[in-house]
Amino acid sequence: MRIRNAALVTGLAAALLAAAPASAKTFKYAFQGVLSTLEPYALNETFTLGTLGNVYEGLIYRDKDLKIQPALAESWEILSPTKWRFHLRKGVKFHNGGDFNADDVVFSADRVRAKGSDLTSYLGADVKVVKVDDYTVDFELSSPNPILHYQWEFWYIVDKEWTEEHGAVAITSASDTSPNYAALNANGTGPYAIVSHEAGVKTVFEKNAAYWGSLQGNVDRVELTPIAQDATRVAALLSGEMDMVYPVPVQDIPRVDANEGTRALTGPELRTIFLGMDQRRDELKYSNVKGKNPFKDVRVRKAFYQAIDENVIVKKVMRGLATPSALMISPFMFDRAGEFERYPYDPKAAKALLAEAGYPDGFEVGMDCPNDRYVNDEAICQAVTSYLARVGIKVDLNAQPKAKYFAKILASGDYDTSFYLLGWTPSSFDAHNVLSALMNCRDDSGAGSPFNNGGWCDEEVDALTAKVLVENDKAKRDQMIYEAFKKANDDVRYIPLHQQGLAWGVADDVDLAQRADNVLSFRYVNVTD
């Protein structure tokens, strides 16, 4: 049964269809994973948020070069170090025809920080959001934050009246099995409206004829089809069935380039792929070691690190389309990243560390991995499993689609993992996001550092993170970031692997922008006859 947004079909969608020119342009594309929800606060994942960014909008947006631009806020000012004022855009309509105003911003601020939200880190719990008038909103902070709005492109403003009318104030989280109205329907202010959505099959978008802004693209209709199998996805591009597909497996890039009518777009991505370990529980949920947690011992964590040959993974699994990383952030976002080096691949040293920690014969551990989220994600996990086996670690690999994977390992799933692979792009494009989201202490509910799935805690890193947030002097700020990263690196809190490369397959009659955060923005898509 096709799930439709009744408000759109009966309201704006009808107007969209009526306004569409006879020569309407359609753009068809495929992604490896599924758009499993239309709820903009359910899952802090780039594909989901990036796709919904064509439908919903924040107070700001980032252009194709990732520079901040005004969106639903036409301007803003800092009244004092702890008080920001945002002047909202007038005359903006939601897709159902409702007016956008300050009430929607205040409501969205409360909702994004409510139970079930996966985006609670986007706006501090201590921030007071105050309506000054219908088109002015103040943000009152407990301490200065010069990057307050940096990650707000993905904090989308929702329609208060529409959400309340449809009983969707409570958020359907990633692990919920009974989606509410907002998870199955969308009502944003963005340049495109969703006119039909069948999760796992197809989502159709049509241009919002009432959109307040201008677009650099010419596409009237967009069709998203998830295609999990790499070979099938690439074949759909080569045959002309799809205008664009991503990601393209690195081994297929030459074939896409050689095919008449298609080309491969490649480039560096800001995402870091890494391994995490449960360092919070006193006993691992998925291990044959009972009564204690091996990952609480830095020698075990370092042994895992040194057992893995990341250079070979980049060469063989990623076919060179990745860059080994010593840090949990791309060097493009931290000037002092070059001062760090990876621990060397050394299986003998890894075995010695395991023996010293009391595991001369190794042990067994479960590993969670997505198989449709990152470039060659399952193959990376298989390689990691193979390397660890050589030092006596038997890994029980659980690779599954991202919807099930995220529902299991994140806060909504009670961090149900012992060892996992994850990717992270800081939504603020700043090192503070990595520290606050991945490297600060948290409780069992995720309060604190919500994506610190391993649950490790270092109060020194927390203190440095707090100082980084309010420091305006770049040299001092970079030194604090360096110290925090060094502390986490010395203690092997994570095992960074690499920054993966971007690989999109595009038809020659399509022009689009490839953002470095792997977001596809319809506003830049042009299709020629």
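The values are calculated or read from the model by the stated rules, or taken from the named source; none is laboratory data. These numbers come from a predicted model, not from an experiment. Note: ideal-geometry Cβ built from the backbone for every residue, glycine included; neighbour counts use all protein chains shown. The accessibility values were calculated without ligands, DNA or RNA, using every heavy atom of the protein model including side chains. Shrake-Rupley method; radii C 1.70, N 1.55, O 1.52, S 1.80 Å.
Using Cα pairs under 8 angstrom and six or more residues apart, how large is the relative contact order of the chain, in percent?
Relative contact order of the chain: 20 percent.
Along Cα→Cβ, 7 Å out, is where each label goes; now give me the distance between the ones at I78 and N526 in nm to one decimal.
Result: 3.8 nm between the two label points.
Could you give me the radius of gyration and the Dmax of the stretch 277-423, taking only the C-alpha atoms into account and expressing both in angstrom?
Here Rg and the maximum Cα pair distance are 15.5, 43 Å.
Taking 8 Å as the Cα distance limit and 6 or more residues as the minimum spacing, I'd like the relative contact order of the stretch 185-328 as a percentage. Don't skip to the end; give the middle numbers.
Numbers: 121 pairs, mean separation 16.8, N = 144.
Worked out over the stretch 185-328, it gives 12 percent.
So what is the accessible area of the chain per residue, in Å², with the probe set to 1.4 Å?
Accessible area per residue, the chain: 38 Å².
Sum up the charges of everything whose Cβ sits under 14 Å from the Cβ of F334, counting Lys and Arg as +1 and Asp and Glu as -1, but leave F334 out. Can you show the working numbers first?
On the way: positive: R336, K474, R477, K486; negative: D335, E339, D430, D478, E483.
Local charge sum for F334: -1.
List the residues whose amide H sits under 5 Å from the amide H of L88, counting only those 5 or more places along or on another chain, with H placed 1.01 Å from N in the peptide plane.
It is E74, T136, V137, by chain and number.
Under a 5 Å amide H to amide H cut-off, with H placed in plane at 1.01 Å, what residues pair with A503 once short-range neighbours are removed?
Those qualifying (amide H under 5 Å, at least 5 residues apart or on another chain) are V248.
Carbon-plus-sulfur fraction of the accessible area of the stretch 115-198, 1.4 Å probe, in percent?
On the way: 1540 of 3160 Å².
Summing carbon and sulfur atoms, their accessible area is 49 percent of the total for the stretch 115-198.
Applying the Karplus parametrisation 6.51 cos²θ - 1.76 cosθ + 1.60 with θ = phi - 60° to the phi angles of the stretch 364-377, what ³J(HN,Hα) value in whole Hz is obtained for each residue in order, glycine and proline being reported as x?
9, 8, x, 10, 9, 8, x, 10, 8, 10, 10, 5, 6, 4
Roughly how many whole Å is it from the C-alpha centroid of the stretch 409-480 to that of the stretch 268-295?
Between the Cα centres of the stretch 409-480 and the stretch 268-295 lies a distance of 16 Å.
In debye, nearest 20, what is the charge dipole magnitude of the chain about its Cα centre with +1 on Lys and Arg Cβ and -1 on Asp and Glu Cβ, if you could check? It would help to have the intermediate numbers written out before the result.
Working: 57 positive and 72 negative charges, 153 e Å.
Dipole of the chain, to the nearest 20 debye: 740 debye.
If you stretched the chain out fully between D126 and T232, how much longer would it get, using 0.36 nm times the residue separation minus the C-alpha to C-alpha distance? Kindly include the intermediate steps, with their values, before the conclusion.
Details: separation 106, 0.36 × 106 = 38.16 nm, distance 4.80 nm.
Difference between extended and current length: 33.4 nm.
Taking 0.36 nm per residue of separation and subtracting the Cα-Cα distance, what length does fully extending L397 through K486 add?
That works out to 29.0 nm of additional length.
What lysines sit close enough to K296 to cross-link, taking a C-alpha to C-alpha distance under 20 Å and skipping anything fewer than 8 places away on the same chain?
Here the lysines satisfying the reach criterion relative to K296 are K285, K351, K394, K486, K487.
Please work out the ratio of the alpha-carbon Rg of the stretch 131-242 to 2.2 N^0.38 Å and round it to two decimals.
Values: Rg = 18.7 Å, N = 112, 2.2 N^0.38 = 13.2 Å.
Against the empirical 2.2 N^0.38 Å value, I get 1.42 for the stretch 131-242.
Using a 10 Å cut-off on Cβ atoms, rank the peptides 76-86, 494-504 from the highest mean neighbour count down.
Numbers: 76-86: 15.0, 494-504: 23.2.
So the order, starting with the most tightly packed, is 494-504, 76-86.
How large, in percent, is the carbon and sulfur part of the accessible surface of the stretch 258-389 at a probe radius of 1.4 Å? Spell out each step's value before the answer.
Working: 2700 of 5640 Å².
Here carbon and sulfur together make up 48 percent of the probe-accessible area.
So what's the Cα pair-distance distribution over the stretch 381-496, bin width 5 Å, in %?
Going from the shortest bin to the longest, the percentages are 2, 10, 18, 20, 18, 14, 10, 5, 2, 0.
Using the Karplus curve 6.51 cos²θ - 1.76 cosθ + 1.60 with θ = phi - 60°, work out ³J(HN,Hα) for each residue of the stretch 299-305 in order, rounded to whole Hz, and write x for Gly and Pro.
Each residue's phi maps through the Karplus curve to give 5, 5, 4, 5, 4, 4, 4 Hz.
For D99 and E241, what is the calculated FRET efficiency with R₀ set at 56 Å and r taken between the beta-carbons, to the nearest 0.05? Could the numbers behind the result be given before it?
Values: r = 41 Å, r/R0 = 0.72.
Step by step, r from the Cβ atoms, then E = 0.85.
Give the long-range amide H neighbours of Y61: residues separated by 5 or more places, or on another chain, with amide H under 5 Å away, using H modelled in the peptide plane at 1.01 Å from N.
So Y61 has HN proximity to Q69, A71.
Calculate, in nm to one decimal, what A466 and S178 gain on full extension: separation in residues at 0.36 nm each, minus their alpha carbon distance. Show your work: numbers first, answer last.
Numbers: separation 288, 0.36 × 288 = 103.68 nm, distance 3.75 nm.
Computed gain between A466 and S178 is 99.9 nm.
Evaluate the distance, in nm, between pseudo-label points positioned 7 Å from the Cα of K64 and of R336 along their respective Cα→Cβ axes.
Rounded to a tenth, the inter-label distance reads 3.6 nm.
In whole Hz, what ³J(HN,Hα) sequence does the stretch 31-37 give by Karplus (6.51, -1.76, 1.60; θ = phi - 60°), x for Gly and Pro?
10, 6, x, 9, 7, 7, 8
Spin-label point model (7 Å from Cα, Cβ direction): what's the R390 to D511 distance in nm?
Using points 7 Å along Cα→Cβ, the separation is 4.9 nm.
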